[in-house]
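Undergrad: Okay, here's the structure, questions in a sec.
The values are calculated or read from the model by the stated rules, or taken from the named source; none is laboratory data. Bear in mind that the values here come from a model prediction, so they are computed numbers and not experimental data. When we count neighbours, we look across all protein chains shown, and the Cβ atoms used for this are built from the backbone with ideal geometry, even at glycine. Heavy atoms of the whole protein, side chains included, go into the accessibility calculation; ligands, DNA and RNA do not. Shrake-Rupley method; radii C 1.70, N 1.55, O 1.52, S 1.80 Å.
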Amino acid sequence: MQKPSLHTCLSPALLHLYDLKNAVVVIIDVFRATSTIAAVLKNGAKCIIPVDEVFKAIEISKKIDALAAGERDGQIAEGLQHGNSPLEYSKEFIEGKTLVLTTTNGTKLLQMALDNNADTIICGSFPNLSSVCKYLMAQNKNVVLGCAGWKDRYNIEDTLFAGAVISTVKEHFTIHCDSSFTAELLYENNKHDLAGFAPNLTHYHRLVDRFGLIEDINFCLTPDVADVLVVYKEGKLIAG
């Protein structure tokens with residue numbers, strides 16, 4: 001039996017080049033949206049409603065009595081009380097609540113995947129690596145690993161995670177994709193010390209040098225620290 005295909009899209013600007021209609025699309029925004037999403041759902045949130053604009057987050061949260069949260073350029077967005085840090089959402093704070101979330105890159109990529117008729121959407125990051133890999137291997141469907149990058153530009157941390165997924169699941173897929181090969185090579189060369197490699201990354205300096213978010217970075221690079229499957233269904237991200 002022919003294996004399903006796997007491709008890696010290194011930037012949202014390239015997403016239109018991939019066929020999403022019969023594929024599982026993995027939204028990857030390691031620093032920090034998909035890591036935060038995993039933490040929120042692992043700690044018992046009812047669901048997350050992802051939106052692409054701040055005003056939508058505020059508007060929807062008021063209508064349904066939810067928490068509005070998100071960031072722009074690494075900081076809590078103006079008009080919101082809660083940000084995009086995975087450490088902000090402890091079980092005591094978020095359990096049973098609904099979060100309406102908007103971020104600079106991750107939630108926008110999710111909306112793009114919807115606009116391009118993605119069949120199935122899940123969210124991936126190092127904190128839920130195992131759940132992502134188990135799901136992809138079980139589905140027997142084509143996969144597109146979608147890297148959120150930074151404002152359509154390439155970034156390394158999302159590609160590292162794509163490589164971690166590929167390293168785990170590659171025997172189950174047909175992979176003829178240079179970006180996937182690049183991602184796996186990058187991960188294999190750095191997997192034993194992701195935290196030590198992180199200071200090379202542009203987004204690391206954006207978050208750590210400017211805002212001191214080193215604990216966020218460490219969380220985002222720790223495999224399975226919030227190991228929950230994150231699935232998009234009917235406008236919401238839920239624990240699968």
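Undergrad: What residue, of V30, V24, is part of a strand (DSSP E or B) and touching a helix residue (DSSP H, G or I) at 6+ places or on another chain (Cβ under 8 Å)?
TA: Within the list V30, V24, the selection yields V24.
Undergrad: Follow-up question, since we're still on this one. Looking at the range 6-17, which of the residues that are in contact (Cβ under 8 Å) with a residue 40 or more places away in the chain and open to solvent by 30 Å² or more (accessible area, probe 1.4 Å) is nearest to N117 (Cα to Cα)?
TA: Among those that are in contact (Cβ under 8 Å) with a residue 40 or more places away in the chain and open to solvent by 30 Å² or more (accessible area, probe 1.4 Å), it is H16.
Undergrad: Next question, about the same structure. Could you please find all residues in the range 183-213 being over 30 Å from K46 (Cβ atoms) and under 19 Å from the mean Cα position of the chain (by Cα)?
TA: Those that are over 30 Å from K46 (Cβ atoms) and under 19 Å from the mean Cα position of the chain (by Cα): A183, E184, L186, Y187, K191, L194, A195, A198, L201, T202, Y204, R206.
Undergrad: Touching a residue at least 60 places away in the same chain (Cβ under 8 Å) and of a type outside the set (V, I, T): does that describe L185?
TA: Working: touching a residue at least 60 places away in the same chain (Cβ under 8 Å): no; of a type outside the set (V, I, T): yes.
It is false that L185 is touching a residue at least 60 places away in the same chain (Cβ under 8 Å) and of a type outside the set (V, I, T).
Undergrad: Just to be sure, is D209 farther than 23 Å from L109 by Cα and among the charged types (D, E, K, R)?
TA: Against the criterion (farther than 23 Å from L109 by Cα and among the charged types (D, E, K, R)), D209 qualifies.
Undergrad: Would you point out the residue of the range 74-117, among those that are open to solvent by 60 Å² or more (accessible area, probe 1.4 Å) and not in a helix (DSSP H, G or I), that is nearest to I28 (Cα to Cα)?
TA: Restricting to residues being open to solvent by 60 Å² or more (accessible area, probe 1.4 Å) and not in a helix (DSSP H, G or I), the top hit is N117.
Undergrad: Does the range 137-150 hold any residues that are farther than 22 Å from T202 by Cα and open to solvent by less than 10 Å² (accessible area, probe 1.4 Å), and which are they?
TA: V143, V144
One line per residue, one yes/no per condition, for (1) open to solvent by 40 Å² or more (accessible area, probe 1.4 Å); (2) at pLDDT below 95; (3) of a type in the set (V, I, T); (4) over 18 Å from L109 (Cα atoms):
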{"position": "S125", "(1), (2), (3), (4)": "no, no, no, no"}
{"position": "D152", "(1), (2), (3), (4)": "yes, yes, no, no"}
{"position": "I156", "(1), (2), (3), (4)": "yes, no, yes, no"}
{"position": "A164", "(1), (2), (3), (4)": "no, no, no, yes"}
{"position": "S167", "(1), (2), (3), (4)": "no, no, no, yes"}
{"position": "T182", "(1), (2), (3), (4)": "yes, no, yes, yes"}
{"position": "E188", "(1), (2), (3), (4)": "yes, no, no, yes"}
{"position": "A195", "(1), (2), (3), (4)": "yes, no, no, yes"}
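Undergrad: Only one of (1) assigned to a loop (DSSP other than H, G, I, E, B); (2) open to solvent by 20 Å² or more (accessible area, probe 1.4 Å) fails for K63. Which number is that?
TA: Every listed condition holds for K63 apart from (1).
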